[in-house]
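Each remark here refers to the structure printed beneath this line.
The values are calculated or read from the model by the stated rules, or taken from the named source; none is laboratory data. Since the model is a prediction, treat every value here as computed from it, not as a measurement. All Cβ positions, even for glycine, are placed from backbone atoms using ideal geometry, and neighbour counts span all protein chains on display. Quick note on the areas: whole protein, heavy atoms, side chains included, nothing else; ligands and nucleic acids left out. Shrake-Rupley method; radii C 1.70, N 1.55, O 1.52, S 1.80 Å.
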Amino acid sequence: MSNLHVLDHPLLQHKLAMLRDKHTGVKEFREVVTEMATLMCYEATRDLALEEVEIETPLAPAKVKQLAGKKLAVVPILRAGLGMVDGIQNLIPSVKIGHLGLYRDPETLEPVEYYCKMPRDIAEREAILLDPMLATGGSASAAIDVLKGYGCKRVKLMCILAAPEGIERVQKDHPDVDIYTTAVDECLNDHGYILPGLGDAGDRIFGTK
Ligand code: PRP
Ligand code: URA
């Protein structure tokens, strides 16, 4: 399917290797997640619509391009998605931010929603969902359902690492959603963790265990 974008930029691959390393501590892990979110955002926004406007440079009138319309919102899936927000704001300081709280039940691996607060005009914006991990795809698929329920017509999913199972699930449930990731790993283990993966992203970002 053409909606999967595996971002193989050397800087992203180098930083992903740092995240995978079990010796990378909380501070560095968080910083690298932020940096990767900035680089991924650059790629995931390359099709944003532009409009031509006239301005004056100090020397002459000029026709220039600027972003058109209502632009963007980003929606981190709590908790781990929060780690990617600063990286987006580094590039798009005025981006609107929705928050969606989902956790994965450790037994059933089904997502459980516990919080939701969206920008008032979310339906008029392109929404980029942020979550470092796409494992079974249950959380991402449920989150996209929520955004579509708010009227979002264009949704993208940005996840640092993906499992084949998660990609398949999102492509089946939401074939219209573009997925941006930096690697597709081998498989899931019996507890739904990505292998070889990078461990529990939320725990590594926030230092919980
Ligand atoms: C992790 C991760 C995703 C989800 C991925 O969150 O950040 O949201 O699991 O798994 P899935 O694709 O199988 O649904 P988790 O539920 O551990 O919550 P946390 O971010 O609060 O740690
Ligand atoms: N959530 C994580 O944080 N890591 C995984 O490998 C799978 C789900």
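Quick one: would you say ALA123 is within 14 Å of ligand 2 (Cβ to nearest atom) and either among the small types (Gly, Ala, Ser) or in contact with a Pro (Cβ under 8 Å, 6 or more places away or on another chain) (or both)? The answer is no for ALA123. Of the residues making up region 167-206, those that are open to solvent by less than 20 Å² (accessible area, probe 1.4 Å), touching a residue at least 60 places away in the same chain (Cβ under 8 Å), closer than 25 Å to THR38 by Cα and within 13 Å of ligand 1 (Cβ to nearest atom) are ILE167, ILE179, THR181, ILE194, GLY197, LEU198, ALA201, GLY202, ILE205.
When LEU109, LEU72, LEU39 are screened for being more than 16 Å from ligand 1 (Cβ to nearest atom), surrounded by 12 or more Cβ atoms within 10 Å (Cβ to Cβ) and at pLDDT below 95, only LEU72 passes. Restricting region 119-145 to residues that are among the aliphatic types (A, V, I, L, M) and surrounded by fewer than 20 Cβ atoms within 10 Å (Cβ to Cβ), the residue that is farthest from the chain's Cα centre (by Cα) is ALA123.
Taken over region 92-106, the criterion of being in contact (Cβ under 8 Å) with a residue 40 or more places away in the chain and loosely packed, with under 14 Cβ neighbours inside 10 Å is satisfied by PRO106 alone. For region 82-102, a residue qualifies if it is within 16 Å of ligand 2 (Cβ to nearest atom) and over 13 Å from CYS116 (Cβ atoms), and the qualifying residues are LEU82, GLY83, MET84.
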